[in-house]
Each structure stands twice: as structure tokens, then as C-alpha cells.
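To keep things clear, I will list the structure first and then write my remarks on it.
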Amino acid sequence: MSGRRAAKGDERERTVDEWYATALRYISRYACSTARLRGYLERKGCPSDLALTIVLDLDKKGYLNDIEYAKLLVDSLKDRYGPRRILTRLLSREISREIATDAVDRITEEEQLRAAQGVAERFLNRFSTATLESEEVRRSLIRHLLSRGFGYSIARAVVNEQAPYIHDPGEDKIPDEQ
């Protein structure tokens, strides 16, 4: 093939070997899940039964592995995002919910806390020292951490550590007098 694309309507029927080569070219360029590769082949015009056969064969030979792919994605994202956001990203990459959940569950609370602290530091660097003392900055930081996929307990712990000088309305509880 000369590298040029055939004009619409000028396409001939591809052989199994050509579809297999198309799949190999795709996975050599992009890490992907089995479902994503199958969808790619079908969008290119590969019959769905043949696409499934090729994907299963590549999976059997070790070229595709959804579990390892999910672990790699989690490892690359866990320093910037919380578990909820990572789970959403895995599902958008067509990883099964079971595999995605297992991969995200490997993130420890300590790793989440460390990542949230880094995200908070970068967020707080945008403000001047004078504005850091406002309650609005505290609420904005919590919203930012929640939007990054961290849980409320992690966000609250990080905010209390990063901005302890900001008044926390939850601490206004007056003890009962007897």
C-alpha cells in the first residue's frame, strides 16, 4: 500500500490478515482496552464477529490485557486525581466496571491524601497571602478537591492541614453547660 487512502466507494474487501495488521498497528500506537480495539475495528468496517475473534486472539497472546491497562492508567493518574475521577476515566476508556473498581481500590488512603495535598498546594499558589485567609478560599479548595475526585473526608483533612488559619464554621460548637 502506498500510504494513500482509497477514495470512498473504491474500497475492496480486506482480508483477515489485513484486519489483524490494522489491529496490531493500532495497539502499537495506543494503549487500549479490548472493547476499545473492537470498537475501532468495527468503525473501520471490520465485521463484528471477525473483530471479536481478532481481539480475543490478541488478548490470548498477551498483546491486550485490560487488568494491566487499568493498573497503568491508575498509576499515571493517582497523583493528580481522586478515586472517583479515575474510575470515571477508566469507564470512559471502556474498561469493565469490575476491573476498573478493582484497580481503583488499590489506591491507599495515604496515596489519596498525598495527591490531594499536591493538588491543594497548586490550587493555593494562585492566591495572594491576603486572600488566603478568607472562608471563600476554603470552600473553593474543598470544591476543587471534590471536582478532582477526592472524597469529602480527604478534602476536609487537606483543607484543615493546608489552611488551618482559616476559620472553620464547623468548629463553632459550644459545649453544653451543666
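The table for this structure:
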item	result
Residues of the stretch 37-52 classified as surrounded by fewer than 20 Cβ atoms within 10 Å (Cβ to Cβ) and part of a helix (DSSP H, G or I), total	8
Residues (out of contact with any Asp or Glu (no Cβ under 7 Å at 6 or more places or on another chain) and either assigned to a helix (DSSP H, G or I) or at pLDDT 95 or above (or both)) located in the stretch 27-36	I27, S28, R29
Unique match (being without any contact (Cβ under 8 Å) to a residue 60 or more places away in the chain, among the acidic types (D, E) and loosely packed, with under 15 Cβ neighbours inside 10 Å) among D66, D105	D105
Matching option when the condition is on the phi < 0 side of the Ramachandran plot and either under 26 Å from the mean Cα position of the chain (by Cα) or modelled with pLDDT of 95 or more (or both), among K8, K60	K60
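The values are calculated or read from the model by the stated rules, or taken from the named source; none is laboratory data. In this text the structure is predicted, and so the values were computed from the model without any measurement. Note: ideal-geometry Cβ built from the backbone for every residue, glycine included; neighbour counts use all protein chains shown.
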